[in-house]
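*Asks:* Just passing along the structure, written as structure tokens.
Rule-based calculations on the coordinates, nothing more; no lab input. In this text, all values refer to a predicted model and were calculated from it rather than measured experimentally. Please note: Cβ atoms are built from the backbone with ideal geometry, for glycine as well, and neighbour counts cover all protein chains shown.
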Amino acid sequence: MGGFLLGKHHEKNYTVASMRYIIDFHSHSRYSRACSKNLTIPNISRACELKGIDIIGTADFTHPKWIRECEENLKEVSEGLFGLKDGSSKTKFMLATEVACIYKQGGATRRLHLVLLAPSFQAVHKLIKVLEAQGRNLHSDGRPILGLSGKELLSILLEIDPRFEMIPAHAWTPWFAVFGSKSGFDSLEECFEELTPHIHAIETGLSSDPIMNWQLSALDNITLVSNSDAHSPDNFGREANVMDLENPSYDDILNVIRKKDREKFLYTIEFYPEEGKYHADGHRDCDVMLAPEETAKLKGECPKCKKPLTVGVRNRVNELADRAHGFEPENKIPFKHIVPLRETISAVVGVGKKSKKVAGIYDRLVGVIGNEFEILLDLPIERIEQATNKHIAEAVKRVREGNVFVSPGYDGVYGTVSVTKPGETMGVKQLSLV
């Protein structure tokens, strides 16, 4: 499986709605392992303004130090949504976290990551009290490992406050997901049993997108949400949810999710799933990446070392699917693929996305034209060219049209997506902004 061209598909044309809110429910704080030390409440707010994210999950609300910082820095600005006490940012926060449930069921070890949304600080503190009384360690990691099943945790949440929402995180990734090939289940019912009706949504994750999830009729009445799972500010909004809301509150957002409200849930913003680090099958140690049909021929063994391959999301979806790829349910919520602006700039100037040059151009762009999502989704291409040059404008145009080249990720190795063809350079060394 080499790089290949992807065309535009499954998008609707939307103008900027006055009540459009871009929401990223799932990220992390600096108290989660392998996360940036820059993830403080003020820094998160500033990063969201640059990105164009209106509402973001606080992350890590079970961690004692982090929940204290949230309460010290935030005040309720509408029911269940919070803003900075000093009023220096328009960014709103929703109480959210990710937890890990590792347990035995059905003769197998199950490893689930679950996103939890909470309606209030009071509800969060009640949950913390219950978990601490059970001896759960909430101090060592912002994403705590709980010796509970998904069903047991869901039961606790519902007893505390039925407005808690549980969303299986990155639902298809091999190691820590409800449908994961290594430790998951073949259905939501197998995992949550009689409590399954209380699961209203799943998170598609970076390695799958809605069109892949539409292959399962069992998910037709499940709302598909997309979030960044960001471990650093730069990655906020790499996936997100776009809703049409008026004076939003926690309950407003919750109702959109629970009812799969297609009038208010406009679309999700998606990574190209090939860029996710578990999209294809493979074996990282041997630098082997395979398509599902190749894995089948090899009977799941690495062709170099003969050890088991890590079965990726594409393969796992095919295994459980009862529909062909490309099927569209009548009640689907649309989506838009994006390439983050830093990656787009990187392709134009020919240097890495973490380079000082890309950072400088990015900072100047969002300062002159608008935030990142306005640039990627909304602004006329002519306006972008007037403010930058034809090369940046052409790159954004290619992103919107889906004219990108991808090389799939596998076994923990991120894939690549580029707005330039292999070997193509746009030849831009500098940008002059007007």
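*Asks:* Report the gain in length on full extension from R33 to D322: 0.36 nm times residue separation, minus Cα-Cα distance, nm rounded to one decimal.
*Replies:* Separation in residues times 0.36 nm, less the Cα-Cα distance, equals 100.3 nm.
*Asks:* Mean-square fluctuation check for the chain, GNM, Cα pairs under 10 Å: which of V413, V311, V178 is largest?
*Replies:* Maximum fluctuation in the GNM of the chain, among the listed residues, is at V413.
*Asks:* Hey, in the GNM for the chain with a 10 angstrom Cα cutoff, which one of Y103, Y267, Y21 fluctuates hardest?
*Replies:* So, out of Y103, Y267, Y21, the one fluctuating most is Y103.
*Asks:* Amide H of A201: which non-local residues (sequence gap of 5 or more, or other chain) have their own amide H closer than 5 Å, using H built in the peptide plane?
*Replies:* Those qualifying (amide H under 5 Å, at least 5 residues apart or on another chain) are T223.
*Asks:* I would also like to ask the following. Only bridges with both residues in the chain count here: give the DSSP antiparallel percent, nearest 5.
*Replies:* Taking every DSSP beta bridge within the chain, about 75 percent pair in antiparallel fashion.
*Asks:* So, one more: Pairs K260/K297; K260/K390; K92/K336; K126/K336; K92/K129; K75/K277: which are spaced more than 28 Å apart, C-alpha to C-alpha?
*Replies:* Working: K260/K297 40 Å; K260/K390 40 Å; K92/K336 23 Å; K126/K336 38 Å; K92/K129 26 Å; K75/K277 37 Å.
Listed pairs above 28 Å: K260/K297; K260/K390; K126/K336; K75/K277.
*Asks:* If we count every other residue with Cβ under 12 angstrom of R316's Cβ, Lys/Arg +1 and Asp/Glu -1, where does the sum land?
*Replies:* Computed value for this residue: -1.
*Asks:* Pairs K299/K421; K353/K397; K65/K357; K90/K421: which are spaced more than 28 Å apart, C-alpha to C-alpha?
*Replies:* Violating the 28 Å limit, Cα to Cα: K299/K421; K65/K357; K90/K421.
*Asks:* In the P(r) worked out for region 330-383, what percent of Cα pairs fall beyond 17 Å?
*Replies:* 44 percent
*Asks:* Given S155, I128, A240, which one lies farthest toward the positive end of the charge dipole of region 4-275, if we put +1 on the Cβ of every Lys and Arg and -1 on the Cβ of every Asp and Glu?
*Replies:* Result: I128.
*Asks:* Return the single residue from N38, N241, N213 with maximal mean-square fluctuation; model: Gaussian network over the chain, springs between Cα atoms under 10 Å.
*Replies:* Looking only at N38, N241, N213, the biggest GNM fluctuation is shown by N38.
*Asks:* Would you mind checking which residues have amide H under 5 Å from V288's amide H? H placed 1.01 Å from N; only 5 or more apart, or other chain.
*Replies:* Here H283 satisfy the definition.
*Asks:* In region 38-111, what GluC sites (Glu not before Pro) fall in a loop by DSSP, with at most 16 other Cβ atoms inside 10 Å?
*Replies:* The qualifying sites are E79.
*Asks:* Pull out the extension gain between E71 and K421, defined as 0.36 nm times the separation in residues minus the alpha carbon to alpha carbon distance; nm, one decimal.
*Replies:* 121.2 nm
*Asks:* Let me ask something else. Which FRET efficiency value, to the nearest 0.05, do you get for R284 and H139 by plugging their Cβ-Cβ distance into 1/(1 + (r/R0)^6) with R0 = 30 Å?
*Replies:* Between R284 and H139 the formula returns 0.40.
*Asks:* Now, a different point. Okay, which of region 151-178 sit inside 14 Å, backbone N to the point 7 Å along the Cα-Cβ direction of K129?
*Replies:* Residues 160-161 qualify, since their backbone N sits under 14 Å from the label point.
*Asks:* Convert each backbone phi in region 98-109 into a coupling constant with the Karplus relation 6.51 cos²θ - 1.76 cosθ + 1.60 (shift: θ = phi - 60°), then list the ³J(HN,Hα) values in order as whole Hz, x for Gly and Pro.
*Replies:* These are the phi-based 3J(HN,Hα) values: 10, 10, 10, 10, 10, 6, 9, 7, x, x, 9, 7 Hz.
*Asks:* Rank-order 272-283, 381-392 by packing density, defined as the average count of other C-beta atoms within 10 Å over each peptide's residues, highest first.
*Replies:* Going by the mean number of other Cβ atoms within 10 Å, highest first, we get 272-283, 381-392.
*Asks:* At R0 = 51 Å, how high is the FRET efficiency between N247 and A108 if r is their beta carbon distance? Nearest 0.05 is fine. List each step's numbers first, then the result.
*Replies:* On the way: r = 46 Å, r/R0 = 0.91.
Efficiency, from the Cβ-Cβ distance: 0.65.
*Asks:* Please identify which residues in region 40-66 have an amide N closer than 12 Å to a label point set 7 Å out from the Cα of D86, following the Cα→Cβ vector.
*Replies:* It comes to 41-43, 46, nothing else.
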